[in-house]
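The values are calculated or read from the model by the stated rules, or taken from the named source; none is laboratory data. Model, not experiment: these values are computed from the prediction. When we count neighbours, we look across all protein chains shown, and the Cβ atoms used for this are built from the backbone with ideal geometry, even at glycine.
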């Protein structure tokens, strides 16, 4: 379809004006959220595009996480346009509007209206399907992610996972005083909120980047995570505390009986949690829609055409086949020979 294209670099190109979540030679670069796989080519976009458009939170997190080369930071600040949910931005007779994706703080879905063609095109980006997620309807085209696009990736237990995480943290604090949690950015903040909502007030110990993210969210955007410290602060050594680490450092954890280790991942799909060894649990906490949620979103949205993003890791073909069986006109882009 000429008004929508997905490039192999992950750029979702819509109309004449918009490149979303990847670099393309378009006047506007849109960023749905501050995860690295949706920031590909951002430095190139800064040099080429007229404006970078995202929510205020996403723009702040990109800076806090250090995704912009320092020499390009002034250009990023100059070209950035912050757009809140349901505000609109127009260029070349094309209009963009953001919808809540409930993926990580500041994440959005993107609705583009091409007025001269009377086309309405929506792109979900990464999303969860919750009571906060806004469904884009009356679409000519829906572009949807497929991270968990295989029927194998269904989590019937997902509503019980937050309480399981809380219970494991309580057990770990009681037995060891120290609980180590390994997760990616965004999921760290989700886990912090779950733990606080579960009534646990032990201090959070955060690595540098996660600490900067939480400070930005609290000081500029109204979030409240309770007591937290940077990991080089030694005042917590003899206290009960919850120590967050980046997901990739889980393989370096020390199984010495001095702490409980919890690894958060969406890849565990058959059970809500799994005991790996005497001191480690893997918990199925995902910030993506599972297979059943992907299908439900399409059913709720009921677009005329579904384009499935096959440029990122996922199961685009499996999702396409399921949607075709349900009567939806569906295709995968990009199409490889």
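Below are the figures for this structure:
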| read-out | value |
| --- | --- |
| Selected residue [closer than 18 Å to residue 222 by Cβ and surrounded by fewer than 23 Cβ atoms within 10 Å (Cβ to Cβ)] from 102, 116, 37, 93 | 102 |
| Tabulated pairs, the range 130-145, first more than 16 Å from residue 290 (Cβ to Cβ), second part of a loop (DSSP other than H, G, I, E, B), C-beta under 6 angstrom, 6+ apart or interchain | 132/102; 139/303; 140/304; 142/303 |
| Residues located in the range 194-228, provided they are in a strand (DSSP E or B) and farther than 21 Å from residue 60 by Cβ | 205 |
| Qualifying residue in the range 53-73 (condition: farther than 28 Å from residue 190 by Cα and either crowded, with 18+ Cβ neighbours inside 10 Å or in contact with a strand residue (DSSP E or B) (Cβ under 9 Å, 6 or more places away or on another chain) (or both)) | no |
| Members of the range 293-308 found to be in a helix (DSSP H, G or I) and either in contact with a strand residue (DSSP E or B) (Cβ under 8 Å, 6 or more places away or on another chain) or crowded, with 16+ Cβ neighbours inside 10 Å (or both), listed by number | 293, 294, 295, 297, 298, 301 |
| Count of residues meeting criterion [crowded, with 18+ Cβ neighbours inside 10 Å and free of Cβ contacts under 8 Å to residues at least 24 places away in the same chain] in the range 266-283 | 2 |
| 3 or more residues free of Cβ contacts under 8 Å to residues at least 60 places away in the same chain and over 21 Å from the mean Cα position of the chain (by Cα): qualifying helices (runs of 4 or more DSSP H) within the range 40-101 | 42-48, 73-79 |
| Filter result for the condition that a residue is part of a helix (DSSP H, G or I) and in the same structural domain as residue 293 (by TED's automatic domain parsing), over 116, 138 | 116 |
| Residue list for the range 29-39, filter: under 15 Å from residue 69 (Cβ atoms) and assigned to a helix (DSSP H, G or I) | 36 |
| Residue within the range 173-185 that is in contact with a strand residue (DSSP E or B) (Cβ under 7 Å, 6 or more places away or on another chain), part of a strand (DSSP E or B) and surrounded by fewer than 21 Cβ atoms within 10 Å (Cβ to Cβ) present | yes |
| Residue satisfying condition, being surrounded by fewer than 18 Cβ atoms within 10 Å (Cβ to Cβ), within 24 Å of the chain's Cα centre (by Cα) and either under 23 Å from residue 127 (Cα atoms) or modelled with pLDDT under 95 (or both), within set 231, 218 | 218 |
